[in-house]
Amino acid sequence: MGAYLDRSGETRIRVEAAERFAAGASNVEVAKDLRVSVRSVQRWRRAGHDTGTEGLRSAGPVSRPKLSEALCTVLEQELVKGPIAHGWPVSAYT
């Protein structure tokens, strides 16, 4: 679950977007290159313009996680066991 709560990757992508803005890239170009929506890029551009790099920091998820830390740990353990251990006839998740 550590990766689930780690927001530094999101902040890193936003900072990369800001660098591309400074280089003159359009919202569409940045969205395509970073594999995010144009709407997100528009929000990032506005936040960066209004409040600088501090505005690009991720505030975290809008809602709380649906699973507790303990349940996420159990889920991770079960996923590692694979589909066959849970009665599925194939060894790959789809």
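Expressed as a whole percentage, what fraction of the accessible surface of the chain belongs to carbon and sulfur atoms when a 1.4 Å probe is rolled over the protein heavy atoms? Could you put the intermediate results ahead of the total?
Working: 4100 of 7160 Å².
Percent of accessible area from carbon and sulfur atoms in the chain: 57.
Quick one: among 62, 41, 15, which has the greatest mean-square fluctuation in a GNM of the chain with alpha-carbon springs under 10 angstrom?
Of 62, 41, 15, the most mobile in the Gaussian network model is 62.
Return one whole number: the accessible area per residue of the chain in Å², for a 1.4 Å probe. Show your work: numbers first, answer last.
Details: 7160 Å² over 94 residues.
Per residue, the chain has an accessible area of 76 Å².
Of the chymotrypsin sites (Phe, Trp or Tyr not before Pro) in the chain, which ones lie in a loop per DSSP and count no more than 12 other C-beta atoms within 10 Å?
Details: sites: 4, 21, 44, 93; in loops: 93.
Those satisfying the criteria are 93.
Among 11, 37, 86, whose Cα lies farthest out toward the positive end of the dipole of the chain, if unit charges sit on the beta carbon of Lys, Arg (+1) and Asp, Glu (-1)?
So the residue we want is 37.
Tell me, what is the percent relative contact order of the chain, built from C-alpha pairs under 8 Å that lie six or more residues apart? Mind dumping the intermediate values first?
Details: 57 pairs, mean separation 24.6, N = 94.
RCO, the chain: 26 percent.
What angle do you read, to the nearest 10 degrees and between 0 and 90, between the alpha-carbon axis of helix 69-81 and the longest principal axis of the chain?
Approximately 60 degrees, to the nearest ten.
Arrange the residues 11, 53, 73 by how much accessible surface each exposes, largest first, with a 1.4 angstrom probe. Provide the component values of the computation, followed by the final result.
Details: 11 35, 53 105, 73 60 Å².
The ordering from most to least exposed comes out as 53, 73, 11.
Where the eigenvalues come from the Cα gyration tensor of the chain, what are the semi-axes √(5λ) of the equivalent ellipsoid, largest first, in whole Å?
Numbers: eigenvalues 262, 58, 18 Å².
Square roots of five times the eigenvalues give 36, 17, 9 Å.
Roughly how tilted is helix 8-22, in degrees to the nearest 10 and between 0 and 90, from the longest Cα axis of the chain?
With both axes taken from Cα atoms, the answer is about 30 degrees.
Round to the nearest 10 and give me the degree value, 0 to 90, for the angle of helix 38-51's Cα axis relative to the longest principal axis of the chain.
The two axes meet at around 50 degrees.
The values are calculated or read from the model by the stated rules, or taken from the named source; none is laboratory data. Bear in mind that the values here come from a model prediction, so they are computed numbers and not experimental data. Glycine gets a Cβ as well: all are built from the backbone with ideal geometry, and neighbour counts include every protein chain shown. These accessible areas exclude ligands, DNA and RNA; they are computed on the full protein's heavy atoms, side chains included. Shrake-Rupley method; radii C 1.70, N 1.55, O 1.52, S 1.80 Å.
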